[in-house]
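Here, each number is a calculation from the coordinates, and none is a lab measurement. Remember, predicted model here, so these are calculated numbers, not experimental data. Cβ sites come from the backbone with ideal geometry, for glycine too, and all protein chains shown count toward neighbours.
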């Protein structure tokens, strides 16, 4: 029984440092995952989808079809919790399945959070580039 208590105490002592690392380096939401740092930082995540087919960047976010919009909202929720630990691969496949004329996209995750030292909102952008997979010939 002492081992159970010792393990529980060790987890409670180590978890704040581990979660601090996840929040700091992987942009994980501090309010999630049994967070001790949940009072420290508020973050907002915005997801933009950009058409890069013709070499220009054209924002597709306002013109999304319902299926793509649902996939975008789902990945935004996952991204808010897990930060850089997640990638938008499923969202990209939904975009390519739905928008047949688009050959290349960029998915931009914009994370805004209150800076822990400055108390000023900081913005971090992470871009994921995807190209339409080549059609397989049979």
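Top mean-square fluctuation among 47, 11, 28, Gaussian network model of the chain, C-alpha springs under 10 Å?
Between 47, 11, 28, it is 11 that shows the largest mean-square fluctuation.
Under the 0.36 nm per residue contour assumption, what length would be gained going from the current alpha-carbon distance of residue 128 and residue 112 to full extension?
Roughly 4.0 nm would be gained on extension.
For a quick check, take a GNM of the chain with Cα springs below 10 Å and name the residue from 96, 82, 121 with the largest mean-square fluctuation.
Among 96, 82, 121, the largest GNM mean-square fluctuation belongs to 121.
What residue among 60, 13, 48 shows peak mean-square fluctuation when the chain is described by a Gaussian network model with Cα springs under 10 Å?
Sorting by GNM fluctuation, first place goes to 13.
Can you tell me the Rg and the Dmax, both Å, for the Cα atoms in region 62-115?
For region 62-115, the Cα-based Rg and Dmax read 12.1, 41 Å.
Figure the gain on full extension for residue 62 and residue 2 (residue separation times 0.36 nm, minus the Cα-Cα span) and round it to one decimal in nm.
Answer, rounded to one decimal: 15.8 nm.
At 7 Å along the Cα-to-beta-carbon direction for both residue 97 and residue 81, put a label point, then send me their distance in nm to one decimal.
2.1
With Rg and Dmax of the Cα atoms in Å in mind, check (i) 21.3, 78; (ii) 19.2, 65; (iii) 17.8, 52 and report the label derived from this structure.
From the options (i) 21.3, 78; (ii) 19.2, 65; (iii) 17.8, 52, the structure gives (ii).
Nearest 0.05, what FRET efficiency do residue 89 and residue 15 give at R0 = 30 Å with Cβ-Cβ as r?
After rounding to 0.05, the efficiency reads 0.55.
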